[in-house]
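Chemist: One structure, as C-alpha cells, below. Some questions next.
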Amino acid sequence: MTDCPTETSEARCGDGTIARMASYVVEARQKPAPEAARQAAFRSILDLVGAAAAGLDETVSIAVRRMALTVMGSGEVPIWFSGATGSAIGAAWANSAAASALDLDDGHRLARGHPGAAVIPAAFVVAHQAGSSLEEMLSAIVIGYEIGVTIAAARTTYGNSGTWAAYAVVATAAALRRTPADTLAHALAIAGESAPNQLFASAPAPRIPAPEGSDVKEGIPWSLVTGLVALGLAEAGHTGPRNILDSPRQYAFAEDLSLGRSLHICNTYFKLYACCRHVHAPLDALLVLIDCHGIRSEEIEAIDVETTGGALRISNRVRPSNLTDVQYSIPYCLALAAVAGPQALLPLTRDALSHQGVSALASRVQLSLNPEFDARFPAETLARVTIACGERRLVSDVTAPLGEANNPLSWSQLEEKFSAATGRMATEAQRTRILEAINNIRTGDIRTLMLCLSDVTLLEFR
C-alpha cells in the first residue's frame, strides 16, 4: 500500500517527491519556457498533429471517437480533423487515440515511451477551455514532458507509457488551470494510483504467450483520461497517496530532481516509420545495406539482427494478423521494407498485411541479443544487421535510428514526414493549410492552428 498510514508519515508525504514536483509546476508556469524548450515544443506539435491526422481513420480512432461522443458528454472542444466537437475529456481522449494509433508519435529514450500523444492533446483541450495564450500552452507542454519523463526515467521496472503518462497530463493541465500546489500534489497521486497497469514487459524474458496485437497498445489515450479526471477529482477535494513515488524499490530518483534544468522535451526523438522504436535501428541498417549494394528482396536468403533485450521482448510475429502486430514485429517490418520499400511504413496501411512474400522473408529473419548494445540501452538503441545473399554476407555499421535527439530531424524533414504520413488522408490544399497554420505558431499565432484543427475535415474524402 502507498497510503500514508500514520500522522507522522502523512506529514512526510507533504515533503516528498510529489510535493517537490507540484512546487516545480507552480513555479515553472509563472514564466515563459526557455527558448530551446519552446522550439522543441513547436517541433513536437508539428509531429503530433501529423501523427493524429494520419491515424484518424484507424479502427481505434473511430471507436474512441464514437465512445467519446456517446459517454463523455457534449461540448465545443474540437475532435481534430473530424468535424465533431465534444467535452474536453472526450476530445482529448479521441485526439490522443488518433495520435498514437499508428505508432508515429514522438518518444524519449530515458522514458522508454511516448510523452507527446498524452501531453499535447491535453494541452490543446485545456488551453481551449481556459483561453490560454500560446506562451502559457508552450510552458505547460514543456512542464508536462519534464514531469512525465522524470518519473518514467526513475522507474526501477519497466511499464508501458500508460503507467506514467497520466502524471504528465496532470502537470500539463494543472499548469494551464493554475491549480494550487497542494491540490496538484493530490492530483498527481490520484493519477499515479489510477493509471493503466501494464507492467507485463518488466520481466527480463518475453511474455509467454506474446501479447495479442490490439488497439489498447500502451494505454496512452486512457492515461490521458485518467490524468484529466484525477485533476478534476483533486480540485473537488478527492485525495491521493502523495507518497506514491517515494518507494526506493519502485523509483530511483536523484536527490536533486533537476526539474526545469533537464529540459527533457529537448531530447525527444521522432519517428520515420509507423512502428515500435525497437524496430527503427534494424530498419535503418537494413535500408542502408539494400541501397548501397542494390539488393533485391528476392536475393535475400537470411537477415540476422543483433539488438537489445527490449527488442526481443516485443511480439515479433512473422505472420501478423493486424496492424498492431506489424508495428511490434522486427522481422515483418524488415521484410515489408525490403519487399515494398520504406514508404510502406509511412504511413502503415492495411495493405501491409497482404504483400506477397513478406511473411516468407520475415521467417528468415533471426534476432539475437548483443550484450554491448543492451548495456547501452536505454540511452541508445542500437542494432547491426547482416544480410546473406548467396556467397555474400553484407554487414551494416552499428546503427542508431534516424531522428534521435543527437541527430535530430530538421523542421523541413518533419514537414516531409507530415506530408508522407497524411498523403492518403488529406488533399494537397489541406496539407498546405495545416502546415502553414503550424508554421504560424512559431510567429506567435495559435488561433490559426486552433481553427484549422476544428475546421479542416479529413474524413470526407476517404
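The values are calculated or read from the model by the stated rules, or taken from the named source; none is laboratory data. Model, not experiment: these values are computed from the prediction. Cβ atoms come from the backbone with ideal geometry, glycine included; neighbour counts cover every protein chain shown. Accessible surface is based on the protein model in full, side chains and every heavy atom, while ligands, DNA and RNA are left aside. Shrake-Rupley method; radii C 1.70, N 1.55, O 1.52, S 1.80 Å.
Chemist: Just to be sure before I move on: is Leu361 surrounded by 18 or more Cβ atoms within 10 Å (Cβ to Cβ) and not small (Gly, Ala, Ser) in the structure I sent?
Modeler: Considered against the rule, which asks whether it is surrounded by 18 or more Cβ atoms within 10 Å (Cβ to Cβ) and not small (Gly, Ala, Ser), Leu361 comes out as yes.
Chemist: Just the residues that are without any contact (Cβ under 8 Å) to a residue 60 or more places away in the chain, surrounded by 20 or more Cβ atoms within 10 Å (Cβ to Cβ) and small (Gly, Ala, Ser), please, taken from segment 425-462.
Modeler: Ala437
This table checks each residue for (1) in contact with a Leu (Cβ under 8 Å, 6 or more places away or on another chain); (2) part of a helix (DSSP H, G or I).
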| position | (1), (2) |
| --- | --- |
| Ala91 | no, yes |
| Leu110 | no, no |
| Val142 | yes, yes |
| Val170 | yes, yes |
| Ala173 | yes, yes |
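Chemist: Let me ask another. Go through (1) within 22 Å of Thr422 (Cβ to Cβ); (2) surrounded by 21 or more Cβ atoms within 10 Å (Cβ to Cβ); (3) in contact with a Leu (Cβ under 8 Å, 6 or more places away or on another chain) and name the single condition Pro331 misses.
Modeler: (1)
Chemist: Please specify each residue of segment 370-391 satisfying the condition of being of a type in the set (A, V, I, L, M, F, W, C), exposed (fewer than 15 other Cβ atoms within 10 Å of the Cβ) and not in a helix (DSSP H, G or I).
Modeler: Pass one, segment 370-391, residues of a type in the set (A, V, I, L, M, F, W, C): 373, 375, 377, 379, 382-383, 385, 387-389.
From what is left, the residues that are exposed (fewer than 15 other Cβ atoms within 10 Å of the Cβ) are 375, 379.
Passing the criteria: only Ala379.
Chemist: Can you name the residue in segment 334-356 that is in contact (Cβ under 8 Å) with a residue 24 or more places away in the chain and open to solvent by 40 Å² or more (accessible area, probe 1.4 Å) and, of all such residues, is nearest to Ser297 (Cα to Cα)?
Modeler: Step by step, filter segment 334-356, then rank; the result is Val339.
Chemist: Taking the residues in segment 71-87 that are within 21 Å of Leu46 (Cα to Cα) and of a type in the set (Gly, Ala, Ser) as candidates, determine which candidate is most open to solvent (accessible area, probe 1.4 Å).
Modeler: Residues of segment 71-87 that are within 21 Å of Leu46 (Cα to Cα), as a first pass: 77-83.
Now narrow it down to the ones that are of a type in the set (Gly, Ala, Ser): 82-83.
Working: Ser82: 25, Gly83: 55 Å².
Taking the candidates together, the pick is Gly83.
Chemist: Let me ask something additional. Restricting the first residue to segment 244-259 and requiring it to be hydroxyl-bearing (Ser, Thr, Tyr) and modelled with pLDDT of 90 or more, which pairs with a second residue that is in a loop (DSSP other than H, G, I, E, B) and open to solvent by 60 Å² or more (accessible area, probe 1.4 Å) meet a Cβ separation below 7 Å and a spacing of at least six or different chains?
Modeler: Close Cβ pairs (under 7 Å, with a partner that is in a loop (DSSP other than H, G, I, E, B) and open to solvent by 60 Å² or more (accessible area, probe 1.4 Å)) amount to Tyr251/Thr156.
Chemist: Test Thr422 against the criterion of being closer than 18 Å to Leu56 by Cα, touching a helix residue (DSSP H, G or I) at 6+ places or on another chain (Cβ under 6 Å), at pLDDT 95 or above and surrounded by 19 or more Cβ atoms within 10 Å (Cβ to Cβ), and give yes or no.
Modeler: Considered against the rule, which asks whether it is closer than 18 Å to Leu56 by Cα, touching a helix residue (DSSP H, G or I) at 6+ places or on another chain (Cβ under 6 Å), at pLDDT 95 or above and surrounded by 19 or more Cβ atoms within 10 Å (Cβ to Cβ), Thr422 comes out as yes.
Chemist: Looking at this structure, is Pro211 part of a loop (DSSP other than H, G, I, E, B) and over 24 Å from Ala181 (Cβ atoms)?
Modeler: yes
Chemist: From the list Ala153, Ala165, which residue is surrounded by fewer than 24 Cβ atoms within 10 Å (Cβ to Cβ) and closer than 26 Å to Asn316 by Cα?
Modeler: Exactly one residue qualifies, and that residue is Ala153.
Chemist: Kindly provide the set of residues from segment 298-321 that are open to solvent by 60 Å² or more (accessible area, probe 1.4 Å) and either at positive phi or part of a loop (DSSP other than H, G, I, E, B) (or both), ordered by number.
Modeler: Passing the criteria: Glu301, Arg317, Arg319, Ser321.
Chemist: Need pairs with beta-carbon distance below 6 Å; first residue of a type in the set (Asp, Glu) and within segment 297-309, second at pLDDT 95 or above; sequence gap 6+ or separate chains.
Modeler: From residues that are of a type in the set (Asp, Glu), the pairs are Glu299/Cys389; Glu301/Ala388; Asp304/Gln366; Asp304/Thr386; Glu306/Ser368; Glu306/Asn370; Glu306/Arg384.
Chemist: Among Ile220, Ile244, Ile295, which is the only one that is within 27 Å of Asn370 (Cα to Cα) and among the β-branched types (Val, Ile, Thr)?
Modeler: The conditions single out Ile295.
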